[in-house]
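One structure, pasted below without further comment.
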Amino acid sequence: MRPNAEKSILLEIKDLYAGIESREILKGFNLTIREGETHALMGPNGSGKSTLANVLCGHPRAQVKSGSIIFRGENLVKLSPEERAKHGLFMAFQYPVEVTGVSLFNFLKTAYGSVKEKIDYARFGKMVRDEAEKLKMDPAFLSRYLNEGFSGGEKKKAEILQMMVLSPKIVIMDETDSGLDIDALRIVSEEINRARESFNPGILLITHYFRILKYVRPDFVHVLVDGRIAAEGGAELATKLEENGYEWVRG
Ligand SMILES: Nc1ncnc2c1ncn2[C@@H]1O[C@H](COP(=O)(O)OP(=O)(O)OP(=O)(O)O)[C@@H](O)[C@H]1O
Ligand SMILES: [Mg+2]
């Protein structure tokens with residue numbers, strides 16, 4: 001683990017109890033992310049990882065019961081999903097939605113205009129095409145409707161394209177690596193590492209697989225079991241989980 005005490009705190013979650021509607025799923029969850037840190041969040045199916053992501057991005061059915069979430073000095077819970085995005089929060093979804101009638105390019109342009117600034121069409125077009133090329137995405141994807149008919153891996157790449165274009169302060173990636181083939185995983189990992197170098201975001205990488213963590217080395221690894229952190233450590237914890245599974249963490 002790198003010593004990071006001097007870096008500013010981007011996200012501080014304290015003793016969070018939250019869930020979906022009346023069902024309590026997170027039960028005393030704590031996490032602090034400082035600028036430039038990459039945190040991997042692992043844990044068995046159903047332990048609450050996506051629920052945490054949904055709470056953070058402001059899913060309409062997500063409910064916070066108690067505890068606090070401070071995002072860059074603001075009470076996150078009081079911010080609307082749009083305000084959270086403007087404040088620098090980006091979420092790459094486990095299951096990206098398909099939106100008929102809105103092209104990927106227009107979606108990106110609208111998002112950029114709302115989160116960042118108005119930008120000249122030609123300049124924005126070049127920026128997006130350059131990013132798509134780095135991700136080895138055919139530019140034809142830009143004129144297709146958002147995610148409609150995209151394969152699983154193509155949807156995940158489109159999420160990374162959005163992240164690169166929007167350069168957020170905090171990135172939450174919910175299983176962005178799931179469904180990527182070996183080459184796509186490497187390309188996506190390289191883009192995440194490029195993001196780390198260019199705009200230095202805090203990253204919460206939710207994953208089941210050790211393989212992405214070989215490319216995107218986390219500073220911290222946390223294991224969520226039944227809504228609480230059951231173990232945490234540095235990158236070596238992911239290796240231990242790969243070898244031993246979750247049984248020893250469940251206790
Ligand atoms: N809308 C809902 N209604 C009822 N239960 C829900 C709802 N959403 C989530 N849950 C439950 O909350 C628990 C946590 O779900 P969550 O999606 O957060 O798990 P996860 O850790 O992301 O799992 P996975 O690794 O499979 O993606 C699960 O038991 C799930 O069934
Ligand atoms: Mg999930």
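The values are calculated or read from the model by the stated rules, or taken from the named source; none is laboratory data. Note that this is a predicted model, so its numbers are computed, not measured. In this analysis, Cβ positions are derived from the backbone assuming ideal geometry, glycine residues included, and neighbour counts consider all displayed protein chains. Side chains are part of the model used for accessible areas, which takes the heavy atoms of the whole protein and leaves out ligands, DNA and RNA. Shrake-Rupley method; radii C 1.70, N 1.55, O 1.52, S 1.80 Å.
For residue 148, what residues show an amide H to amide H distance below 5 Å, using hydrogens built from the backbone and excluding near sequence neighbours?
Residues meeting the amide H criterion: 99.
Here is a follow-up. May I ask you to derive the relative contact order of segment 96-175, considering only C-alpha pairs under 8 Å and at least 6 residues apart, and to give it as an integer percent?
47 percent
Moving to a separate point now. In nanometres, what is the gap between the two model label sites at residue 74 and residue 61, each 7 Å from Cα along Cα-to-Cβ?
2.6 nm
Given axes a ≥ b ≥ c from the Cα gyration tensor, I'd like to know whether segment 50-136 is rounded (a/c under 1.5), prolate (a/b larger than b/c) or oblate.
Judged from the Cα gyration tensor, segment 50-136 comes out prolate (a/c at least 1.5, a/b above b/c).
Label points 7 Å out from Cα along the Cβ direction at residue 198 and residue 148: separation in nm?
Using points 7 Å along Cα→Cβ, the separation is 2.9 nm.
Relative to 2.2 N^0.38 Å, what does the C-alpha radius of gyration of segment 96-177 come to as a ratio? Two decimals please.
For segment 96-177, the normalised Cα radius of gyration is 1.02.
Next question. Given a cut-off of under 8 Å on Cα pairs at least six residues apart, what relative contact order in percent is computed for the chain?
Worked out over the chain, it gives 27 percent.
Taking H as built 1.01 Å from N, whose amide H comes closer than 5 Å to the amide H of residue 28, not counting residues under 5 places away?
Correct list: 16, 17, 18.
Binning at 5 angstrom from zero up to the longest distance, how are the C-alpha pair distances of the chain distributed in percent?
Answer for the chain: a P(r) of 1, 6, 13, 18, 20, 17, 13, 7, 3, 1, 0, 0 percent.
Could you tell me what percent of the DSSP beta bridges with both partners in segment 73-224 are antiparallel, to the nearest 5?
Of the beta bridges lying entirely in segment 73-224, close to 10 percent run antiparallel.
Let me ask something else. Please report, as a whole percent, how much of the solvent-accessible surface of the chain comes from carbon and sulfur atoms (probe radius 1.4 Å).
C and S atoms contribute 49 percent here.
First check a/c for segment 131-251, with a ≥ b ≥ c the square roots of the eigenvalues of its C-alpha gyration tensor; if it is under 1.5, answer rounded, and if not, answer prolate when a/b is larger than b/c or oblate otherwise.
Taking the square roots of the gyration eigenvalues as a ≥ b ≥ c, segment 131-251 is prolate.
What residue among 238, 209, 137 has its Cα farthest toward the positive end of the dipole of the chain, where the charges are +1 on Lys, Arg and -1 on Asp, Glu, each on the Cβ?
137
Label segment 143-187 by shape, choosing from rounded, prolate and oblate, from the square roots a ≥ b ≥ c of the eigenvalues of the Cα gyration tensor; if a/c is under 1.5 it is rounded, and otherwise prolate applies when a/b is larger than b/c, oblate when it is not.
Because a/c hits 1.5 or more and a/b fails to exceed b/c, segment 143-187 counts as oblate.
Right, something else. Which FRET efficiency value, to the nearest 0.05, is calculated for residue 122 and residue 98 with the Förster distance at 30 angstrom and r the Cβ-Cβ distance?
0.60
Let me ask another. Residues of segment 198-227 with the amide nitrogen closer than 11 Å to a label point 7 Å from the Cα of residue 27, along Cα-to-Cβ, please.
225-227
Here's another thing I want to ask about it. With a probe of 1.4 Å, find how much accessible area the chain has per residue, and write the answer as a whole number in Å².
In whole numbers, the chain has 48 Å² accessible per residue.
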